[in-house]
Amino acid sequence: MVSFPLSAPPLARCLLARERLKRWLVPSLGDVLLLAWIAWFFLAGWDALLADGDTGWHIRTGEQILATRSVPRTDSFSFTKPGEPWFAWEWLSELLYAAAFRLAGLKGVVLMAGILIAGFGLLLVRWMLWRGATPVAALPVALAAFGASSVHFLARPHLFTWWLLVIALWLWERDTLRRDGWVWLLVPLTTVWANLHGGFVAWLVTLAALAVAQALEAALGRRPEPGGNPIARSALLWLACAAATLANPYGWRLHEHLARYLTAGWIRDTVAEFRSPAFRSESVFWFEFLLFAGLMAAAAALARKRLAPAALLIMWAHAALVSARHIPIYVIVAAPLVADELSALWHRLAAPGSAAGALEQAAADSRRHLRRLSLWPALVLGALAIGAIPARWPEDFPARRFPVAMVTRQQEALEGALVFASDEWADYLIWRLPGRARVFLDGRSDFFGPELVGEYLAVFGGRHDWEQILDRRACDAVLVPVSAPVAGLLKLSPNWRLLEDDGQAILFLRREGAAAPPS
């Protein structure tokens, strides 16, 4: 676009103003794509974003921060480890979710999460286009990536890592083409990341892998990149980013805690999202497609002695196969490389004068419209926020997954109780009865450790010493699904009385005269 100086004729300035106004008012393909992904939540239901109970304690932790103006350092949710040191290492995300909750309740929480997810999809498209992929390849790959990532479409702090990883890799790739200093924005970005989500560890691992790959490429005689010694630059960048992560409320102790947590074998054995993906759902089907496509793209990159993208892809493919929580990270790494290879294949097919050539010309014309946003998405999202567009917003967590009705009816019995509940339902109790019920164990597996997690599994599974564990921990209420093995044993115990069974949840209270010994 031509920029006219202030001294330009009035007609020229009017034309310029009209062009700028048109840019903001005329809808673009980027608008359509973003709003289409937002519309996905209308079809799936906004409450699907609340399918994980961890959202509950994240919100309440953020509210504690807002109330006390300080980051929690000890536990206030459980009765098994009250007041013990706790790392609220996602405190900044929790603060944002709590602010959204205060503004608009659960509607604010899911709307913020939906915007983050849809914006992530559009950001991925724009990155692929910037790298030179044709829209004919970038759009299908982005749709597959969106589908694969849906395995973790939840209102939780990891959504910030998706954004930050794309931005970080984009800045790093930009620096390999032109050394203009923008890459050093990664240092303050990593500081923010270390306070938003533990995914900053994935970035440090990724950046280290990129630096090692650069060194190997140099050893293999690949032509060096412009702008000095890229290996030394990458090493210095890694050191600066690693040092930047120390700017968190817990300092180096956070890194020690995360290292123990992420390398613990018991975590992989007991926490579902740390297990290998089960190839039985639509989201994992899309991951499988990108897995095979990505490995083929990695082979092509290796044939060209491009070690950095191939190394990242293979590393995160392995991580995703070991743990389903890494699927979105693999998707972020693989999607651009797959789009590159599909673009190269498409350009060989799209000969001038052919139908494919005509489609490619139309796609090329649409490129700038995909990279542009107007005011329309903001207007639509604003209308959603104020209720001008009708939508079925959640007022509570999904009743099909959580004991919403039971807690509503038995709130008086649960208030002040020391409750053994399934970890997801304990998360829900923390949200539903903040400060009025304490739980045996919740979704913070890194805090509770293997001993308490083992006791929890023993009780839930009805092991021979289940009742002794509840006695020793002075538990006075049990809220579990009716299918839980311990539910049948509680019915037979003279020390517990059944308060209610609604077919989904079952609630027991300790009988008078059968009080547990003090803990």
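Do the conditions hold for Leu169, that is, is it assigned by TED's automatic domain parsing to the domain that holds Leu312 and either touching a helix residue (DSSP H, G or I) at 6+ places or on another chain (Cβ under 6 Å) or closer than 16 Å to Trp37 by Cβ (or both)? Step through it out loud before you land on a result.
Working: assigned by TED's automatic domain parsing to the domain that holds Leu312: yes; either touching a helix residue (DSSP H, G or I) at 6+ places or on another chain (Cβ under 6 Å) or closer than 16 Å to Trp37 by Cβ (or both): no.
Judged against the criteria, Leu169 is not a match.
Name every residue in region 321-362 that is under 15 Å from Trp286 (Cβ atoms) and hydroxyl-bearing (Ser, Thr, Tyr), in order of residue number.
Selection gives Tyr330 alone.
Residue-by-condition table, conditions (1) part of a helix (DSSP H, G or I); (2) free of Cβ contacts under 8 Å to residues at least 12 places away in the same chain; (3) under 20 Å from the mean Cα position of the chain (by Cα); (4) under 30 Å from Ala364 (Cα atoms):
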position: Leu95; (1), (2), (3), (4): yes, no, yes, no
position: Arg102; (1), (2), (3), (4): yes, no, no, no
position: Met112; (1), (2), (3), (4): yes, no, yes, no
position: Ile115; (1), (2), (3), (4): yes, no, yes, yes
position: Ala118; (1), (2), (3), (4): yes, no, yes, yes
position: Gly121; (1), (2), (3), (4): yes, no, yes, yes
position: Leu129; (1), (2), (3), (4): yes, no, no, yes
position: Leu139; (1), (2), (3), (4): yes, no, no, yes
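Filter region 482-508 down to the residues that are of a type in the set (D, E, K, R) and in contact with a strand residue (DSSP E or B) (Cβ under 7 Å, 6 or more places away or on another chain), then identify the one that is nearest to Leu457 (Cα to Cα).
Of the residues in region 482-508, the ones of a type in the set (D, E, K, R) are 491, 497, 500-502.
When the remaining residues are screened for being in contact with a strand residue (DSSP E or B) (Cβ under 7 Å, 6 or more places away or on another chain), the result is 491, 497, 500.
Numbers: Lys491: 19, Arg497: 22, Glu500: 23 Å.
Step by step, filter region 482-508, then rank; the result is Lys491.
State the number of residues belonging to region 141-184 that are of a type in the set (A, V, I, L, M, F, W, C) and more than 22 Å from the chain's Cα centre (by Cα).
Residues of region 141-184 that are of a type in the set (A, V, I, L, M, F, W, C), as a first pass: 141-146, 148, 151, 153-155, 159-160, 162-172, 177, 182-184.
Applying the additional criterion that residues be more than 22 Å from the chain's Cα centre (by Cα) yields 177, 182-184.
The number of residues fulfilling the criteria is 4.
Confirm whether Ser374 is hydroxyl-bearing (Ser, Thr, Tyr), surrounded by 15 or more Cβ atoms within 10 Å (Cβ to Cβ) and under 19 Å from Phe146 (Cα atoms).
Working: hydroxyl-bearing (Ser, Thr, Tyr): yes; surrounded by 15 or more Cβ atoms within 10 Å (Cβ to Cβ): yes; under 19 Å from Phe146 (Cα atoms): no.
Judged against the criteria, Ser374 is not a match.
Can you name every one of the helices (runs of 4 or more DSSP H) wholly within region 232-313 that holds 1 or more residues which are out of contact with any Lys or Arg (no Cβ under 6 Å at 6 or more places or on another chain), modelled with pLDDT of 90 or more and outside the structural domain of Ser422 (by TED's automatic domain parsing)? Can you show your working first?
Working: elements: 252-262, 265-270, 282-303.
Passing ranges, in order: 252-262, 282-303.
Yes/no per residue for (1) over 30 Å from Pro277 (Cβ atoms); (2) free of Cβ contacts under 8 Å to residues at least 60 places away in the same chain; (3) crowded, with 21+ Cβ neighbours inside 10 Å:
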position	(1), (2), (3)
Ser150	no, no, yes
Pro157	no, no, yes
Leu171	no, yes, no
Trp182	yes, yes, no
Leu189	no, yes, no
Val192	no, no, no
Leu196	no, no, yes
Ala219	yes, yes, no
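Considering only residues that are buried (at least 20 other Cβ atoms within 10 Å of the Cβ) and under 19 Å from Trp266 (Cβ atoms), which ones fall in region 440-467? If you could, list the steps in order and put the result at the bottom.
Here is the first cut: in region 440-467, the ones buried (at least 20 other Cβ atoms within 10 Å of the Cβ) are 440-445, 447-448, 455-456, 459-460, 466.
Answer for region 440-467, where residues must be buried (at least 20 other Cβ atoms within 10 Å of the Cβ) and under 19 Å from Trp266 (Cβ atoms): Phe440, Leu441, Asp442, Gly443, Arg444, Ser445, Phe447, Phe448, Glu455, Tyr456, Val459, Phe460.
Output yes when any residue across region 244-267 is farther than 20 Å from Ala194 by Cβ, surrounded by fewer than 18 Cβ atoms within 10 Å (Cβ to Cβ) and not aliphatic (A, V, I, L, M), and no when none is.
Yes: region 244-267 contains one or more residues that are farther than 20 Å from Ala194 by Cβ, surrounded by fewer than 18 Cβ atoms within 10 Å (Cβ to Cβ) and not aliphatic (A, V, I, L, M).
Select from region 73-93 the residues that are among the small types (Gly, Ala, Ser) and over 27 Å from Gly387 (Cα atoms) and write down the one among them that is nearest to the chain's Cα centre (by Cα). Break it down into steps so the answer makes sense when it comes.
Keep residues of region 73-93 that are among the small types (Gly, Ala, Ser), which gives 76, 78, 83, 88, 93.
This time we only want the ones that are over 27 Å from Gly387 (Cα atoms), so: 76, 78, 83, 88.
Details: Ser76: 25, Ser78: 25, Gly83: 28, Ala88: 16 Å.
Restricting to residues being among the small types (Gly, Ala, Ser) and over 27 Å from Gly387 (Cα atoms), the top hit is Ala88.
Could you identify the single residue in Ala421, Ala437, Ala405 that is modelled with pLDDT of 95 or more, crowded, with 16+ Cβ neighbours inside 10 Å and more than 30 Å from Leu25 (Cα to Cα)? Step through it out loud before you land on a result.
Working: Ala437 fails: modelled with pLDDT of 95 or more; Ala405 fails: crowded, with 16+ Cβ neighbours inside 10 Å.
Ala421 is the lone residue from the list that is modelled with pLDDT of 95 or more, crowded, with 16+ Cβ neighbours inside 10 Å and more than 30 Å from Leu25 (Cα to Cα).
Could you list all residues from region 200-211 that are in contact with a Phe, Trp or Tyr (Cβ under 7 Å, 6 or more places away or on another chain), buried (at least 20 other Cβ atoms within 10 Å of the Cβ) and within 20 Å of Thr263 (Cα to Cα)?
Phe200, Trp203, Leu207
Just name the residue that is nearest to the chain's Cα centre (by Cα) out of those in region 430-442 that are closer than 11 Å to Ser78 by Cβ and not β-branched (Val, Ile, Thr).
First pass over region 430-442, keeping only residues closer than 11 Å to Ser78 by Cβ: 430, 437-442.
Adding the requirement that they be not β-branched (Val, Ile, Thr) leaves 437-438, 440-442.
Working: Ala437: 28, Arg438: 27, Phe440: 26, Leu441: 23, Asp442: 19 Å.
Of everything passing the filter in region 430-442, Asp442 is nearest to the chain's Cα centre (by Cα).
How many residues are without any contact (Cβ under 8 Å) to a residue 60 or more places away in the chain and under 24 Å from Ala242 (Cα atoms) when one looks only at region 255-287?
Summing the residues that are without any contact (Cβ under 8 Å) to a residue 60 or more places away in the chain and under 24 Å from Ala242 (Cα atoms) in region 255-287 gives 5.
Output yes when any residue across region 65-72 is without any contact (Cβ under 8 Å) to a residue 24 or more places away in the chain, within 17 Å of Phe120 (Cβ to Cβ), surrounded by fewer than 19 Cβ atoms within 10 Å (Cβ to Cβ) and in the same structural domain as Ala88 (by TED's automatic domain parsing), and no when none is.
We begin by selecting, within region 65-72, every residue without any contact (Cβ under 8 Å) to a residue 24 or more places away in the chain; these are 67-70, 72.
Then drop every residue that is not within 17 Å of Phe120 (Cβ to Cβ), which leaves none.
Scanning region 65-72, I find no residue that is without any contact (Cβ under 8 Å) to a residue 24 or more places away in the chain, within 17 Å of Phe120 (Cβ to Cβ), surrounded by fewer than 19 Cβ atoms within 10 Å (Cβ to Cβ) and in the same structural domain as Ala88 (by TED's automatic domain parsing), so the answer is no.
The values are calculated or read from the model by the stated rules, or taken from the named source; none is laboratory data. Predicted model, so just to flag it, every value in this text is computed and none were measured. With ideal geometry, Cβ positions are generated from the backbone for all residues, glycine too; neighbour counts draw on all protein chains shown.
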